[in-house]
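What follows is a set of notes on a single structure, which appears directly below.
The values are calculated or read from the model by the stated rules, or taken from the named source; none is laboratory data. Predicted model only: the values in this text are computed from it and were never measured. Cβ atoms come from the backbone with ideal geometry, glycine included; neighbour counts cover every protein chain shown. For the accessible areas, the whole protein counts, side chains as well, though only heavy atoms, and no ligand, DNA or RNA atoms are used. Shrake-Rupley method; radii C 1.70, N 1.55, O 1.52, S 1.80 Å.
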Amino acid sequence: MNYLLKDRMKTLSALLALTFLITSATGCSSETETIENTRSVNVKVETASNTLSASTQSFPGMVESDNQANLSTIVMGTVTEVPVEVGEQVKKGDVLIRIKDDQILAQKSQLEANMVQAKANLENTEKNYNRIKNLYAEESATSKELDDISTMYEIAKANMDALNARMNEVNEMLAYTTIRAPFDGIVARKFVAEGDMAAPGHPLVAVADPGQIKITANVPEQWIGEISEGDAVKVSIESAGVYNAAATLIAVSEAGDPMSRQYAVEAKLEDAELSSKLKTGMFAQVGMNLGSSEALFIPKTALVTRGQLTGVYTLTDDNKAVLRWVRLGQSSGDRVEVLSGLTAGEPYVTEANEELRQGLTLNIQ
């Protein structure tokens, strides 16, 4: 009997101890929550407002030389030599392409022989013309004889002139069998190789002056009325490590492409050191301010990041913290555009003296 009583007393003591622990824990939790809910955090607050912002559009472009020549020929023939490589520096007058000229040289040789004969005939006819003209003046030759020799003399001169013109044409064709650099620069592109057939009008090689660089782009018809020569633009060329570099529009086409309905524009970087980093053919982005519109910008310090989400803390009527997720737009210095999630007239937290959490009471400084 005593043993049963002792066991019951032990069980009762254990239950009382457990009840005390639960009560103590519950009391502590409630006390912690009460402290948390009554504690306030010092914050700085601004009211969201719209500002007038330039509407920026970006257009793809290309780095090109301001002085570039695509060289071609006026003759048809086989390419016999291409003594340069792409990227090679060349001087004005250096040989870039040679084209087979055997047939043209044969034509020149034939013309030279004909010109010797024609020159002798002209000289002989001229002597006869002068002799008969003098005899006619002395009334020792008839008018028919003078007319005949005059006709022969004019024909001899015309024949000589025709041969000279033909020789000039052949010499020009020979000049086009050797393509030379028109100025100091680099070989930008080669369109043919040894053994290819060169044809009139088809480019053979391109030479560019790397010291004169420009950025070209195409602007859609809807924006062309918003830009003009002399406008400031921003140029980014990732491969050269150039971002938002200041540039100026140096040309705006007055005639658009009827197929694409786009207009060509050209820009030049203002920084010569940045220009020296560029190479022709690099991809570029040209940013332009096209009109203006209202936008809501807030300080970047107001942003809160949770994983891949971005938000700002706003306030309830009783100054409680509320985390609001937002969608951001373009940046401008230390401020960023808010596209959605926050509207003009709403207060939001810009700074806090400690980390904020949902529901905390905010003490506005």
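Tabulated data
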{"quantity": "Counted residues, the range 221-251 - those being in contact with an Asp or Glu (Cβ under 8 Å, 6 or more places away or on another chain), within 13 Å of residue 289 (Cβ to Cβ) and open to solvent by less than 30 Å² (accessible area, probe 1.4 Å)", "calculated": "2"}
{"quantity": "Yes/no for residue 268 being open to solvent by 60 Å² or more (accessible area, probe 1.4 Å) and either assigned to a loop (DSSP other than H, G, I, E, B) or closer than 29 Å to residue 344 by Cα (or both)", "calculated": "no"}
{"quantity": "Hey, residue 312 within 30 Å of residue 89 (Cα to Cα) and of a type in the set (Val, Ile, Thr) or not", "calculated": "no"}
{"quantity": "From the options 75, 86, 90, residue that is among the aliphatic types (A, V, I, L, M) and over 30 Å from residue 213 (Cβ atoms)", "calculated": "75"}
{"quantity": "Near pairs, Cβ below 8 angstrom, 6+ apart or cross-chain, from the range 100-123 (under 18 Å from residue 158 (Cα atoms)) to any residue that is among the basic types (Lys, Arg)", "calculated": "111/166; 122/157"}
{"quantity": "Top-ranked residue in the range 147-187 [being hydrophobic (A, V, I, L, M, F, W, C) and in a strand (DSSP E or B); ranked as most open to solvent (accessible area, probe 1.4 Å)]", "calculated": "186"}
{"quantity": "Check on residue 216, under 29 Å from residue 89 (Cβ atoms) and in a strand (DSSP E or B)", "calculated": "yes"}
{"quantity": "Some residue of the range 93-103 being in contact with a helix residue (DSSP H, G or I) (Cβ under 6 Å, 6 or more places away or on another chain), buried (at least 16 other Cβ atoms within 10 Å of the Cβ) and not charged (D, E, K, R)", "calculated": "no"}
{"quantity": "Count - residues of the range 73-92 that are open to solvent by 40 Å² or more (accessible area, probe 1.4 Å) and within 30 Å of the chain's Cα centre (by Cα)", "calculated": "7"}
{"quantity": "When residues of the range 223-265 are limited to those that are farther than 25 Å from residue 331 by Cβ and in a helix (DSSP H, G or I), the one farthest from the chain's Cα centre (by Cα)", "calculated": "225"}
{"quantity": "Residue within the range 106-127 that is outside any helix (DSSP H, G or I), β-branched (Val, Ile, Thr) and open to solvent by 80 Å² or more (accessible area, probe 1.4 Å) present", "calculated": "no"}
{"quantity": "Residue 65 within 30 Å of residue 338 (Cβ to Cβ), of a type in the set (Gly, Ala, Ser) and out of contact with any Cys (no Cβ under 7 Å at 6 or more places or on another chain)", "calculated": "no"}
{"quantity": "Wholly within the range 273-365, strands (runs of 3 or more DSSP E) carrying at least 1 residues that are open to solvent by 20 Å² or more (accessible area, probe 1.4 Å) and under 30 Å from residue 226 (Cα atoms)", "calculated": "283-299, 327-332, 335-340"}
{"quantity": "Any chance residue 163 is closer than 30 Å to residue 203 by Cα and among the hydrophobic types (A, V, I, L, M, F, W, C)", "calculated": "no"}
{"quantity": "Long-range neighbours under 6 Å by Cβ, at least six apart or interchain, first residue over 11 Å from residue 191 (Cβ atoms) and modelled with pLDDT under 90 within the range 67-88, second of a type in the set (D, E, K, R) and not in a strand (DSSP E or B)", "calculated": "67/209"}
